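This report refers to the structure that appears directly beneath it.
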Amino acid sequence: MTAAWSHGVYTYVLFSIFPQAWLESHSRALGLFIDGKFVRSADRQTCNVTDSSGGPVCSTVCAVDEDASLSVSSGASGFKAWSALPCHLRAKTLLRLVSSLQRHGQCLSELCDLAQSPSSPSALVRLLQYYSGWAQLRDSLIPDWTPRGVVVVVVSDDCSLYSLMLKVLPALAMGNAVVAIPGMGTAPPVLLLAQLFVEAGLPAGVLNVVTGSVLSLGSKVAQNPHVSYVTYSGNKKDGEILCRATAGMGVPVSLSLSLGATCPFIIFESADIDSAVDGVIETAFKKNRECQWMLCVQESVWDSVVARLKVRMAGMKSVPLLAEGDRKLVDAAVQEAQQQGATLIQPCPPSSSGAAYPPTVLCGVAPSCTCVVTPSPGPLLPLLSFRSHGEGVTLGNHSPHGQAASLWTEDLTLALEAAKSLSVGAVWVNSHSVMDPSLPISGHKESGNCIDGGKEGLFQFLRPSSSPPLPRSSPASVDYSKFGTAASAAIIPEGSNSSSTPRSYLQYVGGKQCKSESGSSVCVLAPGGTVLAYCPDGGRKDVRNAVEAAIKVQPGWMKKSPVARAQSLFSLAETLELKRRDMAVSLHSQTGLSLEKADMEVELSIAQLCDWAARCDKERGGVPSVPQSGSALSIPEALGVVGVVLPDSSPLLSMVSLLAAAVAMGNAVIMMPSPKYPLPALEFIQVLQSSDLPGGVVSIITGGRDQLTQALANHSVIKAIWYWGSMEGCQFLQHTCASPLKSLWLHCQEKDGGRDWAQPHASLQEEMWRQAVQWKSVWIPTA
Amino acid sequence: DSVRNRPTYLEWVSKVRVNTQAVLKRAQQIQGRNKNKKQWQAAWLLRAVTCIDLTTLAGDDTPGNVHRLCMKATQPVRYDLLKSVTTAAVCVYPSRVADAVKSLKAANSSLPVASVATGFPAGQTSLKTRLEEVRMAVEDGAMEIDIVINRTLALTGQWEGSDFIKTSTGKESVNATYPVAIVMVRAIRDYFLKTGHKVGFKPAGGIRTAKESLVWLTLMKEELGDEWLSPRLFRLGASSLLLADIERQIYHHVTGRYAAYHQMPMA
C-alpha cells in the first residue's frame, strides 16, 4: 500500500478504480492466458470468484484437455524464444516488469483483496527485482547448467500469490517457460500479472495461465511430453494427490508443503518476554495464516507470559472462520482440550453460534492432545511448557512438520545452538514469518522436498548441461501394493564339486558382514553366463536393520567436524589404493572389462573419494544479504539416512561417487548394488571394514532391485532415495514416496545410457552435493 | 495524593531483557495502526485533549503568558465548537506556580497546576535545594510535581519508585520517541503485574501534531489497556502548538473546512 501511495495521489486515484475497470473490460469473465493473449471458448464451464461478502467478482474458465495441451505447446514455443535470449536481455525484460508492477501495484492489491487472497505488491516488486538480478548473473555464476524447458507451477486453492510467484519468477529468470495453474482466489491477480508482463515485453508464450480445478488440471498439463518439471506449493493433501497422479509420467515433481504446517514458537526465559508476546499477538490469531503456531514457553517465565497474553488479548475481537463447518471443529477442539485440563485465555466468551470465534489460548495442553497433533481451524493457540533449553528444542522438533520455527532469547549462544538443533527449514530468531527471496525456504521432514528462494532455490529450475532429463513416458498400470513383493529366484548355495566353487559373499549392515535375514542367496553371473558367485538376497528386514544401525551413528557422524569427516574419506581412499588389484580383478571378472580399464575405474574411484574428502570442509552455505538489518545464514545440513539404488554402469565408480557425496555431507547411506554387477560393491566391503568410518554410516545390501526399492520406500526414516532402475520403479517411487514424503532423485536406466561416470563435470558434482543436503535459513534481526 | 508508591525489592529490574529490533518493529507497527476516522477520530482527539498537561517552560515566561496559557487550558477548544472540556493540568516552572494558581482561581477553575522542580532540567543540584524547591512549589499551590530524578543513581542501578514516569524533560536533544516509550510502558506493566500498583505515564517533548497524539493513545491502549487512557494514568506533556493542531482537526470535523491558525484563540 505504502509503495503505491508514494507515486502520488494522481496515480492512486487513477488505478484505484482500475481493478473494476479491468474486470469490466473482460466482461467479468476471464479467459485463459495462452500465447500472450486471453483465450476463451464459449463452451467451457466456468467457476465464480466471490468477494468476502459472497458477491460475484468475476468468473474464470475451467480448462479442458485441449486447453492444457495448447498452453504447453505455447510454452514450448515461448521457451525457444526466451531461452535463446542472452542473460542480460532476460534480466532487462524482468526489470521492465518491475516498473510495470510498481505502476499497477495498487490495482493488483485491490484485485487480490477482492478475490480474497491478499498480497502486498511491494513484496512482489522485491521478488521481481531479486530474480532479475539472478537472470542477469545465471551464466556467470551458475555455468554448465541449462534451463529445464516448460515448467508447470501448481498451487492449491489456499496458496498465496506470493508463494506462486516465488516459483514462477525464478523459473522465468533461469530461462524456462511457465504454465501457471493458480488456485481459485489467486487466478484473477495472476491473469492480470500475465497481461501486464506481456505488455511490458515478456515474449508471448513464456508465461501461460490456465485456470480450473487445480488438481486434475495439474496432471492434465503434466501429461504433455513437452513439460519437463512440475513444482507445487500449498497444502499437503493436494500435493500428495498431484504427486500420485503424475507418477510414471517421467517428469520430476517437487512439493513445497508450507501451508498448514505446525510451527513451534519457543520462548526461553532469557527472552524479551514483552516483544515475544507481541509477536504471538501479531501472528497467531490471523484469519488467513500460513502455518499453525504452537506456543512453547519455558516454565520459569510461564506466569509472566500468561499474564501478558491476558493483558494484550483483552479487547481483541472475534476472528471470522474460513468455512461454515469450522465452528463445530473449533468447539470440539476447545472442549477436548478443556477435558484434558487446559485453561483458556479468551478476550470474550464465544457467541453461542456463528462463523466467528474469539482468539483463544489453550494453556497447559500436552503434546499428545488432539489440538496439538491435528490442529483445528480457527484462532486457537496451544500453549505448552518445557523445563530446559534442550527440552524446548525437543518439544519443537517432535512433529512431522519441519517448515519453520520462531525462537526468542537474548542469549546468543542459546539462539545459535537451538537454531542448529531445530529440524526446520527456517529459524526466525526474535522474530517470526520473515520472508525474503534471498532467504531460502525449504521444508524439512514432511513439509516439502523443494527449496524456494535464494541461490539454492534456483537449481530446481535447472539441470546440468551434460546430464539428460528424465525420459518422458506414460504411466503404466502398476499394482503399487504388489511392486517388489515377488520372490526372487533365490537359491541355497550348495557345496559344489568343482574346484572353482563360486564364492559366497556377505552383505554389510551396521558395520558387520552378515547373511541376509532370509538366509537365502541369489546367483551372480559372469558375462559368459556361468555362476560367478552367490550374494545374499536381502529384503525388508535387512533394510530395517541397516536403518536402525544408521540412525544410531548418523547424528554423531553429522556433528563431527568436516575436517574429521574429510580424514575418514582420505583414509578410505588410501585403503582402496592398497586393495587396488583385488578391486580391479573383481571388476574384470564381474563385468568383463579389460584389466587395464578396470584398473582405470579403480583409479577414478580413488580420485572421487579424495575429491569429496576435499569438499567436506569447502561446501558451506552463505550469508545472504537481506534488505532488513540483521544477520542471515543459509546452512546446508545432512538429510539423515539416504537410500541409494545403484546403476549398472561403472559399478564401482558410480557406487564410490555416490557414497562419497552422501557421506561427506554427513549422511548415512544404505546402498543397493546393481543386481547385475554386485561384486565390486561387495568386494568394497573389505575397504569399508578397514576404514575408520563408524559402522552403520554405510550399509550395503544385495538382492532384487524392486524388492529393496520397495523396502526403502516404505521406511519413514529414510529421507531421500537416489534411484537408478526401471521406469516402473520410478513410477512406484513417485507414487509411494508422496506420503511420508521423501526427496527423490530418479534415473531410468532403460532409456538413457545413464551418466558418464568417468567424466565428472563440475555441474554433475554440484548436482550430487545439492542432492545430499537440505537447507536451513536462520534469520537474526538486529536494530 | 502524597507518596502512593513505595519502592520494593527491585532486583528483577536488572533481569529484564529488551530486544531492540523487536521494539523498533513494534513502534513502526503502532504508528501504522491508527485506523480511526471521522467521529471516532474526533472522539480520540477529545480524549487526547483531556490528557494534555498544557506546558510552558521558557526562560522568558511572565505572569502574562502564563495567564493566557491557563485560560487556554480551561477552554482548550473554541467555545462554539466544544464546551466543558479542559486539559488535564497546566505545567509551569516553580517561580510561575503562584501566577498560574492566581489566574485559574480568578477564572473559577479547579484545574490543577503542575510544576517541574528539583533543578529542572538537569537535576544536578544538591538534595537540600531540590527538596526545598519542591516544598516551595507546593506552598505556592502546585498540585503535582514533575521531579527530575538523579540520573546518576538510576544509571548505577539505584532505582526509586514513583507515581508517574515521564519520557524526558523535553529539554533533551531526543525526547519522547515511541520505541523508548514502549520499553517504559512495558516496565509499568511489569511493575503492575509484580506489585499490583499502577504507575502513570507521561510522554513529553516534541509532541506537536494531532496525529502524534493519536499514536500515543494507541500505544497506551494496545500495550496497557483502556485504563491507561485517562488523565489519572496518562498525560501528554505538550505546548499550545499541539492543542492548536488538535483544535484545527476538531474544527474540520465540525465544519468540514480546514481552519487557519489565526481562527483559533491564541494561548
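General observations
- Shape call, chain A: gyration tensor on alpha carbons, a/c limit 1.5: prolate
- Nitroxide proxy distance, nm - points 7 Å out along Cα→Cβ at A:Arg28 and B:Arg232: 5.5
- Under 13 Å, Cβ to Cβ, from A:Leu653 - net charge with Lys/Arg +1 and Asp/Glu -1: -4
- Sum of -39500 (n - 2.57) over DSSP H runs of 4+, divided by residues of chain B (222 nm, nearest 500): -13500 deg cm²/dmol
- From phi via Karplus (6.51, -1.76, 1.60), per-residue ³J(HN,Hα) for region B:182-189 in Hz, x at Gly/Pro: 4, 5, 5, 5, 5, 5, 4, 5
- Calculated mean residue ellipticity, 222 nm, chain A: -13000 deg cm²/dmol, from DSSP H runs (n ≥ 4) at -39500 (n - 2.57) each, averaged per residue and rounded to 500.
- Proximity of backbone amide H atoms, modeled 1.01 Å from N, is registered between A:Asp537 and A:Ser516, A:Ser520, A:Ser521, A:Val522 at under 5 Å, excluding neighbours fewer than 5 places apart on the same chain.
- 15 Å cut-off, amide nitrogen to a point 7 angstrom out along A:Gln628 Cα→Cβ, residues in region A:255-277: A:275-277
- Computed lengthening from A:Ala204 to A:Gln335, 0.36 nm per intervening residue step minus Cα-Cα distance: 41.6 nm
- 3J(HN,Hα) along region A:539-547, derived from phi through the Karplus expression 6.51 cos²θ - 1.76 cosθ + 1.60 where θ = phi - 60°, amounts to x, 3, 5, 5, 4, 4, 4, 5, 5 Hz, with x in place of Gly and Pro.
- Taking every DSSP beta bridge that has both ends in chain A, the antiparallel portion is near 40%.
- 0 to 90° range, to nearest 10: angle between helix A:580-591 axis and chain A longest Cα axis: 80
- For A:Lys560, the aspartates and glutamates whose Cα falls under 12 Å of its own Cα, not counting residues fewer than eight places away in the same chain, are A:Asp617.
- Taking 0.36 nm per residue of sequence separation and removing the Cα-Cα distance, the B:His197/B:Ser95 pair yields an extension gain of 33.5 nm.
- Sequence-distant residues sharing a close amide H with B:Leu236 (under 5 Å, placed H): B:Ile52, B:Asp53
- Sum of side-chain charges, A:Val509 neighbourhood, beta-carbon under 15 Å (Lys, Arg +1; Asp, Glu -1): +2
- Residues of type aspartates and glutamates that B:Lys171 reaches as a straight line, Cα spacing below 14 Å, ignoring anything fewer than 8 places off in the same chain: B:Asp146
- Peptide B:10-23 has a mean of 5 when you count, residue by residue, the C-beta atoms of other protein chains within 10 Å of its C-beta.
- Remark: for residue pairs A:Lys552/A:Lys719; A:Lys512/A:Lys552; A:Lys541/A:Lys579, the C-alpha separation exceeds 20 Å in A:Lys541/A:Lys579.
- A:Ser353, A:Ser691, A:Ser477 arranged by Cβ crowding within 10 Å, fewest neighbours leading: A:Ser477, A:Ser353, A:Ser691
- Taking a Cβ cut-off of under 15 Å around A:Ser385, the surrounding Lys, Arg, Asp and Glu residues balance to a net charge of -3, with basic ones at +1 and acidic ones at -1.
- Cα shape, region A:311-356, gyration tensor, a/c 1.5 rule: oblate
- FRET efficiency estimate (nearest 0.05) - Cβ-Cβ, A:Val563 to A:Lys512, R0 25 angstrom: 0.35
- Residues whose amide H falls under 5 Å from that of A:Glu750, counting only those 5 or more places apart or on a different chain, are A:Met727, with hydrogens built in the peptide plane.
- Table column - 3J(HN,Hα) (Hz), region A:767-777, Karplus curve with 6.51, -1.76, 1.60, x for Gly and Pro: 4, 4, 6, 5, 6, 8, 10, 10, 10, 10, 10
- R0 of 45 Å, Cβ-Cβ distance A:Asn397-A:Arg503: FRET efficiency to nearest 0.05: 0.45
- Arranged from fewest to most other beta-carbon atoms within 10 Å of their beta carbon, B:His262, A:His88 become B:His262, A:His88.
- Antiparallel bridges, percent of DSSP beta bridges restricted to region A:518-677 (to nearest 5): 55
- At an R0 of 22 angstrom, the distance between the Cβ atoms of B:Met266 and B:Ala107 translates into a FRET efficiency of 0.85.
- Net charge dipole size for region A:110-214 [Lys, Arg +1 and Asp, Glu -1 on Cβ; Debye, nearest 20]: 240
Computed from the coordinates by the stated procedures, all read-outs in this text should not be read as laboratory data. These numbers were taken from a predicted model, which means no experiment stands behind them. Note: ideal-geometry Cβ built from the backbone for every residue, glycine included; neighbour counts use all protein chains shown.
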